[in-house]
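**Q** One structure coming up, written as structure tokens, with questions to follow.
The values are calculated or read from the model by the stated rules, or taken from the named source; none is laboratory data. Because the structure is a prediction, the values reported are computed rather than measured. Cβ coordinates were reconstructed from backbone atoms using ideal geometry, including for glycine residues, and neighbour counts include every protein chain displayed. Remember, those area values only see protein heavy atoms, side chains included, never the ligands or the DNA or RNA. Shrake-Rupley method; radii C 1.70, N 1.55, O 1.52, S 1.80 Å.
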Amino acid sequence: MTQVMVTPEEFRKTFDALRKELSRVIIGQTEVVDYLLAAFFAGGHVLLEGVPGLGKTLLAKSFAQSLGLGFKRIQCTPDLMPADILGTNLVVDREGRKMFEFAKGPVFTNILLADEINRATPKTQSALLEAMAEHQVTVSGTTFRLDEPFFVIATQNPIEMEGTFPLPEAQLDRFLFKIFVGYPSSGELSRIIRETTASERAHIRPVLPEAAAQEWIVKARHLVREVLVSSAIEEHIVRLVTATRPAEDGGDNPAKRLLRYGASPRGAQAILMGAKVLALVSGRVNVSFEDIERVVSPALNHRVVLSFEAEAEKKTANEILEELLSPVRALQQEPPVSPPPKSRVSSAA
Amino acid sequence: MAEPTAVSIQSTIGQFVKRYRAAVLARSLVLAVLSSVLAALLIWRLRLFNFPPAITIGLPLSLWLVIVSALAAWAYRHWLSQRMAAARLDKALGLQQRLVTAEEFAQSEKAPALYSMLMEDLARQCTTENARVPKKIDHSTGVLLAAILLLLLWPSLNQVLPPSVRLPEPPKKEKPPDASSQEQKQNEQQSADSPQSQPSSGGQSNNNQQSQPSGGNASAKQPSSQGSPQSSSTGQPNPKPSGAQQSPQSANASSGGQQKSDSGQSGQQQKAQAGGGNQSSPQQQAQSNANNAQQASGNSSAQQASQRNQASGSEEQSQKSGTNTSSAAQQGKQGQQGSQTGSSGSNYQSKAGGQSGPGQKQEGGGSSTGTGSQGVGQSSLNGEALKAEIQGLLKEVSGELKDLQQQINASDQAHPQAGTQTDPNVYGSAEPLDKTQGSQVAIQLKTDSAPTQKQRPAGGTGSASSNVASDGPQVTPEEAKLSNTPREETPASQQHVPAEYRGIFDQMRKQPQGTKQ
């Protein structure tokens, strides 16, 4: 039995502290903050989508400050080059001779904010793929490992789509969650304008000590992977993901009419990892059906490709997922028929 | 507090499984027993209705089988396994998959890192006492009990019905042989004594059947016809019954007069009989008692019934003295029925009056003796009249029968052809069409072969000719020649020159062209 350095209770307390600290600067948007933290501790990346002025950049910056981690920001533009993100070799003069020296790009940080990523060219967007997936960068044949934890927060603007380069499905699939940032309520808006226009403004205080933050976060991520999952939960996740796939055998299912492509296995992984984090936050060491239900939407809404009929009907991905998954949710009450396997591996994904 | 182990969790789940299965079995047994009782009650109830065995036994048995099958399916479905019990407990206690996960990982070879923490968490929240198990008695048990109680308390067929629906009792058919033999002897004596005995063609049997009611009628009619001497003797001041008897008698117009005369004659005969002997006195006494009973009970329906029967009996006496014809046989049957009912009515009367004589118990043959005593008194003149009347009736009937037979024969004839109705001579025979002239065409018009008056070659009817019509446009040939009109037109020739300048223009034309500039 492997040793767990971070206890579930400690994790839950730290999570609550981070949530509370972020709420001092980010007014409202509690669900966005929860999903952001869940994706961070699940070891994934997040795509924030919302109109300008909702505090996406502030959220990412405050998030990094609360964790005591390094933060870098990239403003994506159409003329942004991959070298601008990854780094480039520079010719430097050292010791009387010229040599190439690799200058690290902004990707070499713990938390990277790629603002308006849909404005960057596909070539630049693909430069992030290796960094996001493997946490390493290869430049001129040399591979550089990125610091852990490495967390990418990408933002995109749903309006002003002219002159943009929509992210391809392959790159979208690498984000664990796609979180929609909506407008604040009236009360929240009042509080925003009151606090942000005052002479004194709230500042984020780091919850984790800067020296030990990285180590603690790595251990916390390890704890998340140790959370127990029953076979009923696994089968439920499989049913959910399978329900989003159009029938390939020529049969007819509701997804066939509304979707061109369904969720990939990464979608199932995203659901389970996010549910594990939420289970720990709820004070449990096992995943429940309620945890699954909370993360299905942000985990799958960017992994399905809508059909022409769905676009003509002006349906969103969340609406389609709600329509396809409601019958599956009704089956979660019955326990599985097949007996569980005798030998189980403790770590899941 | 000892840390919970996998064994304790397993034992906890096992205990819950046992409790649950026991509850399922108990409930199934209770419902099975109740359904068996219900089926038995159904069989018992259906037998009371004299249904065939297929329904009496088959229906309850099939119902029992359906209930038992449903119970077995329900019990099978709710027969919890270890895992199902864990899921049910987990859901019932709100453990959010803690118990299910613990049960699964308890069977794994290598315990996960967080398994101990899971067990600790379970120990704080898992108590199977709060978990529900199926109730032994529930709403389905109540439904079966209600059905059983309903079948038990339902009134059976053997119970006595309320008086409002009581049907009249059938007349008793008991015949004391002693009384009948005595009456027969009395009748024989009466017939031997009276010179105006009835014909021996069997009329006595009919008359015998008209014993008491006819006697009753006679006694009742006596007041109407003779000023009720018998009534005074027998104490029957009953104008109402007599009037009632007269009304049904008057309804039969054909035999009404004869009835009255016959009744009068029968009354005279009865007088003679009464004066001759006392052989009919017991009957007369019985009749008087019956009439008294009528007056005493005041049963108007019985009185009317008895009066009608008596009236019918009197009609039979007047109409049939001895011969039995077809119609008379029918009337005799009616009379028998009337006599029987009359005797029953008289029996009712006697019962109502509380008095009964030996004569009142006569029916059929027994009653015939009493009737024979009265039938002796009918005269031969009445018999002849009756014969004549009967013969007349027979003729009428035969005539009607002939008419009916003719109608039947006419209806059996073949239906006439359509369009001809019943009289084939309404329409004459169809005239054949004239043969057409000309070519073989179905319908040949006269215009087809008629010659045209105008010669119109290649037009209209008729045959085409090769002549070209003279009325058509004709082309006139002409020679080709040059036109006299100049190609160039002269402008001057088109302008009108005033008269005073014509001389000048002429001079200008005459000048040569060179000098014109």
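**Q** If the requirement is being outside any loop (DSSP other than H, G, I, E, B), open to solvent by less than 70 Å² (accessible area, probe 1.4 Å) and within 23 Å of B:Leu150 (Cβ to Cβ), which of these qualifies: B:Val30, B:Val24? Spell out how you get there, then give the answer.
**A** Working: B:Val24 fails: within 23 Å of B:Leu150 (Cβ to Cβ).
Among B:Val30, B:Val24, only B:Val30 is outside any loop (DSSP other than H, G, I, E, B), open to solvent by less than 70 Å² (accessible area, probe 1.4 Å) and within 23 Å of B:Leu150 (Cβ to Cβ).
**Q** For segment A:140-159, enumerate the residues that are open to solvent by 20 Å² or more (accessible area, probe 1.4 Å) and more than 21 Å from A:Leu306 (Cα to Cα).
**A** A:Ser140, A:Gly141, A:Thr142, A:Thr143, A:Phe144, A:Arg145, A:Asp147, A:Glu148, listed by residue number.
**Q** Please tell me if A:Ser264 is surrounded by fewer than 19 Cβ atoms within 10 Å (Cβ to Cβ) and under 22 Å from the mean Cα position of the chain (by Cα).
**A** So A:Ser264 fits the description; yes.
**Q** Could I ask something else about it? So how many residues does segment A:118-169 have that are over 14 Å from A:His45 (Cβ atoms) and in a helix (DSSP H, G or I)?
**A** Residues meeting the conditions: 8.
**Q** Kindly provide the set of residues from segment A:128-158 that are within 20 Å of A:Leu36 (Cβ to Cβ) and hydroxyl-bearing (Ser, Thr, Tyr), ordered by number.
**A** A:Thr155, the sole residue that qualifies.
**Q** When both residues are 6+ apart or on different chains and their Cβ atoms are under 9 Å apart, which pairs have a first residue that lies in segment B:7-21 and is over 14 Å from B:Ala123 (Cβ atoms), and a second that is outside any helix (DSSP H, G or I) and among the aromatic types (Phe, Trp, Tyr)?
**A** B:Tyr20/B:Trp79; B:Arg21/B:Trp79
**Q** Can B:Ala75 be described as more than 13 Å from chain A (Cβ to nearest Cβ), touching a Ser or Thr at 6+ places or on another chain (Cβ under 7 Å) and at pLDDT 85 or above? So that I can check it myself, show each step before the final result.
**A** On the way: more than 13 Å from chain A (Cβ to nearest Cβ): yes; touching a Ser or Thr at 6+ places or on another chain (Cβ under 7 Å): yes; at pLDDT 85 or above: yes.
Spelling it out, B:Ala75 is indeed more than 13 Å from chain A (Cβ to nearest Cβ), touching a Ser or Thr at 6+ places or on another chain (Cβ under 7 Å) and at pLDDT 85 or above.
**Q** Within segment A:219-240, which residues are aliphatic (A, V, I, L, M) and either out of contact with any Leu (no Cβ under 8 Å at 6 or more places or on another chain) or facing chain B (nearest Cβ under 10 Å) (or both)?
**A** Those that are aliphatic (A, V, I, L, M) and either out of contact with any Leu (no Cβ under 8 Å at 6 or more places or on another chain) or facing chain B (nearest Cβ under 10 Å) (or both): A:Ala220, A:Leu223, A:Val227, A:Leu228, A:Val229, A:Ala232, A:Ile233, A:Val238.
**Q** Limited to segment A:75-93, what total is found for residues that are under 22 Å from the mean Cα position of the chain (by Cα) and open to solvent by less than 20 Å² (accessible area, probe 1.4 Å)?
**A** Residues in segment A:75-93 being under 22 Å from the mean Cα position of the chain (by Cα) and open to solvent by less than 20 Å² (accessible area, probe 1.4 Å): 2 in total.
**Q** For segment B:82-118, enumerate the residues that are at the interface with another protein chain (Cβ under 7 Å from one of its Cβ atoms), open to solvent by 50 Å² or more (accessible area, probe 1.4 Å) and either over 22 Å from A:Glu226 (Cβ atoms) or among the polar types (S, T, N, Q) (or both).
**A** Correct list: B:Met84, B:Gln96, B:Gln107.
**Q** Please go through segment A:249-288 and pick out each residue that is within 14 Å of chain B (Cβ to nearest Cβ) and among the basic types (Lys, Arg).
**A** A:Lys276, A:Arg284
**Q** Just one of (1) crowded, with 16+ Cβ neighbours inside 10 Å; (2) away from chain B (no Cβ under 14 Å) trips up A:Asp291, so point out which.
**A** (2)
**Q** Kindly check whether there is at least one residue in segment B:46-57 that is touching a residue at least 40 places away in the same chain (Cβ under 8 Å) and within 14 Å of chain A (Cβ to nearest Cβ). So that I can check it myself, show each step before the final result.
**A** Within segment B:46-57, the subset touching a residue at least 40 places away in the same chain (Cβ under 8 Å) is B:48-49.
If we keep only those that are within 14 Å of chain A (Cβ to nearest Cβ) too, we end up with none.
Checked against the condition, which is being touching a residue at least 40 places away in the same chain (Cβ under 8 Å) and within 14 Å of chain A (Cβ to nearest Cβ), segment B:46-57 yields no hits at all.
**Q** Mind listing just one residue for me: the one in segment B:35-63 that is hydroxyl-bearing (Ser, Thr, Tyr) and within 18 Å of B:Gly142 (Cα to Cα) and, of those, surrounded by the most Cβ atoms within 10 Å (Cβ to Cβ)?
**A** It comes out as B:Ser35.
**Q** Got a number for residues in segment A:192-235 being closer than 22 Å to A:Phe41 by Cβ and part of a helix (DSSP H, G or I)?
**A** Residues in segment A:192-235 being closer than 22 Å to A:Phe41 by Cβ and part of a helix (DSSP H, G or I): 18 in total.
**Q** What number of residues within segment A:9-55 are within 14 Å of chain B (Cβ to nearest Cβ) and open to solvent by 20 Å² or more (accessible area, probe 1.4 Å)?
**A** Qualifying residue count for the region: 3.
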